[in-house]
Amino acid sequence: MDIQDIDDVTTRALTELAAAEDQTALEALRVKYIGRNGLLPELMQGLKAVPPADKPAMGQALNRFKVGVTAAVAERKTALAAVAQTAKAGAFDLSLPGRWPRRGRVHPITQLIDKTTEIFRRMGFTVADGPDIETEYYNFDALNTPADHVSRDLADTFYLPGGMLLRTQTSAVQARYMECHPPPVRIVCPGRCYRRDTTDATHSANFHQIEGLYVDEKVSLADLKSDLDHFARELMGPGVKSRFRTHFFPFTEPSVEVDFSCHMCGGKGCRVCKHSGWIEIMGAGMVDPNVFELAGYDPEAVTGYAFGMGIERLAMILFGIDDIRRLYENDARYLAQF
Ligand code: PHE
């Protein structure tokens, strides 16, 4: 080896060292070039055979090799350590607890809409729909409700420009549906209703109802009773019964209010049923012949029953919610328990 060879080896060694990918590769190169059995000791050994006149120059070349390689090893070592440090700082920490996506829940009102429609679907009812913004005709006139009826008062109903209003009851769907579907009819209509009520623990200006309408030949009050008994058991539990109390609605004759026996105490009397054993659930009755006539049905040919109940009320009874406002505040922590 002459001086040129040694300088070439030096250059190559420095290039290799600068490219060492990790500490292991770097260490291998260090051993190869300046380790105890590496190239440097071998070359030093060879120096003995060099003629005395060439020795100083040769010695200097070897020194350049030794100093250069030693410095390059140290430099690369520091650089690799710095890279490793940065990678570690930004790395995925496997010991951290996972990030759980928050799990949603179906709102109690939606749960009750789903549950009630499901029960009636199994009884052969289909789901019908109508608009929230109604005409006075469908909300009142078609339901045999005269112009001087209290529910039509400005203080009770939200009137809109152009003779429209926000429907006060899902009963508004009845005439709409019958006008374009010949009997038999078996529908439930869940939806929003609006009344000029001052909000308190049991009233809300915006609430939900589910309406039922069954029209066919020879539908009787006994059908209403047995169907609602079945509904009561499906919704509240096997021991629950229904009872009728006479009432008045302009669009049904006879009209009843329907109570279910208390699902909590079995009718003995408790806090939930205010010690009466019964819980008021809905309004119902046999469809008034005038309603059939206005919808274009022949009241001599068909009879039918209708019922309507408040969804919020059902949710409050079933989940033990004491204030209707809790259903609208949308505090997810509160609603998540149902
Ligand atoms: N629409 C009535 C109400 O809102 C309930 C009802 C529906 C009564 C159908 C009888 C028949 O109070």
Note to self: If I model a spin label at THR15 and VAL272 as a point 7 Å from the Cα along the Cα→Cβ vector, what separation in nanometres do I get?
What the structure shows: 8.7 nm
Item checked: Sum of side-chain charges, GLN209 neighbourhood, beta-carbon under 10 Å (Lys, Arg +1; Asp, Glu -1) -> +1
Checklist line | For q = 0.15 Å⁻¹, Debye-computed log10 I/I(0) when each Cα of the chain counts as one equal scatterer | finding: -1.21
Note to self: Could you tell me the relative contact order of segment 3-90? Use alpha-carbon pairs under 8 Å, at least six residues apart, and round to a whole percent.
What the structure shows: 42 percent
Notebook entry, point to check: ³J(HN,Hα) across segment 98-111 via Karplus (A = 6.51, B = -1.76, C = 1.60, θ = phi - 60°), whole Hz, x for Gly/Pro?
Noted result: x, 9, 8, x, 5, 8, x, 10, 6, 4, x, 5, 5, 4
Checklist line | For segment 135-171 and segment 267-338, distance of Cα centres in Å | finding: 20 Å
Notebook entry, point to check: With r defined as the distance between the Cβ atoms of ARG192 and GLN23 and R0 fixed at 45 Å, what FRET efficiency is calculated, to the nearest 0.05?
Noted result: 0.05
Next item on the list: Would you look at the GNM of the chain, springs on alpha carbons closer than 10 Å, and say which of GLY269, GLY310, GLY212 moves the most?
Entry: GLY269
Next item on the list: Report the calculated FRET efficiency for HIS230 and GLU118 (r = Cβ-Cβ distance, R0 = 22 Å), to the nearest 0.05.
Entry: 0.95
Check: Karplus couplings for segment 127-141 from phi (6.51 cos²θ - 1.76 cosθ + 1.60, θ = phi - 60°), rounded to Hz, Gly and Pro as x?
Finding: 9, 10, 9, x, x, 6, 8, 10, 8, 4, 4, 6, 6, 10, 4
Checklist line | Amide H contacts of LYS241 (H built 1.01 Å from N, under 5 Å, at least 5 apart or other chain) | finding: SER261
Next item on the list: With a 4.7 Å Cβ cut-off, tell me which Cys residues in the chain come up empty for a partner.
Entry: CYS180, CYS189, CYS193
Notebook entry, point to check: Among CYS262, CYS180, which comes first, second and so on when ranked by fewest other beta-carbon atoms within 10 Å?
Noted result: CYS180, CYS262
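For the chain, give the magnitude of the charge dipole about the Cα centre (Cβ charges: +1 Lys/Arg, -1 Asp/Glu; no others), in debye to the nearest 20.
Details: 38 positive and 45 negative charges, 444 e Å.
Around 2140 debye, computed over the chain.
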Next item on the list: Considering Cα pairs under 8 angstrom that are at least six residues apart, work out the relative contact order of segment 99-252 and quote it in whole percent.
Entry: 23 percent
Note to self: Using the Cα centre of segment 160-214 as the reference point, and only Cβ charges (+1 on K/R, -1 on D/E), how large is the resulting charge dipole? Debye, rounded to the nearest 20.
What the structure shows: 80 debye
Note to self: My understanding is that a pair violates if its Cα-Cα distance is over 26 Å; which of LYS32/LYS55; LYS241/LYS274; LYS218/LYS241; LYS66/LYS88 do that in this structure?
What the structure shows: LYS66/LYS88
Next item on the list: Evaluate the distance, in nm, between pseudo-label points positioned 7 Å from the Cα of ASP298 and of LEU47 along their respective Cα→Cβ axes.
Entry: 12.6 nm
Check: Gaussian network model of the chain, Cα springs within a sub-10 Å range: biggest mean-square fluctuation belongs to which of VAL287, VAL185, VAL50?
Finding: VAL50
Check: For the residue pair GLU280 and ARG64, what label-to-label distance in nm results when each label sits 7 Å from Cα along the Cα-to-beta-carbon direction?
Finding: 10.8 nm
Next item on the list: Report, by chain and number, residues whose modeled amide H sits under 5 Å from the one on VAL256, excluding near sequence neighbours (fewer than 5 apart, same chain).
Entry: HIS247, ALA284, GLY285
Check: How much length is gained if the chain between ASP331 and ILE133 is pulled fully straight, taking 0.36 nm per residue apart and subtracting their Cα-Cα distance, in nm to one decimal?
Finding: 68.4 nm
Check: If we count other beta carbons within 10 Å of each Cβ, what is the order of LEU40, LEU228, LEU96, fewest first?
Finding: LEU96, LEU40, LEU228
Check: Over the chain, what is the mean sequence separation of C-alpha contacts under 8 Å (at least six apart), divided by residue count, expressed as relative contact order in percent?
Finding: 14 percent
Next item on the list: Among LEU166, LEU224, rank each residue by its count of other Cβ atoms within 10 Å, from fewest to most, as a rough exposure measure.
Entry: LEU166, LEU224
Checklist line | Built amide H within the under 5 Å cut-off of THR168, gap 5+ | finding: TYR194
Check: Where in segment 185-230 are there trypsin sites (Lys or Arg not before Pro) that are in a DSSP coil and have at most 16 other Cβ atoms within 10 angstrom of their Cβ?
Finding: ARG196, LYS218
Item checked: Within a Gaussian network of the chain (alpha carbon springs, distance under 10 Å), most fluctuating of PHE125, PHE307, PHE65 -> PHE65
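Coordinate-derived values only; no laboratory data. Bear in mind that the values here come from a model prediction, so they are computed numbers and not experimental data. Every residue, glycine among them, receives a Cβ derived from its backbone with ideal geometry; neighbour counts consider all protein chains shown.
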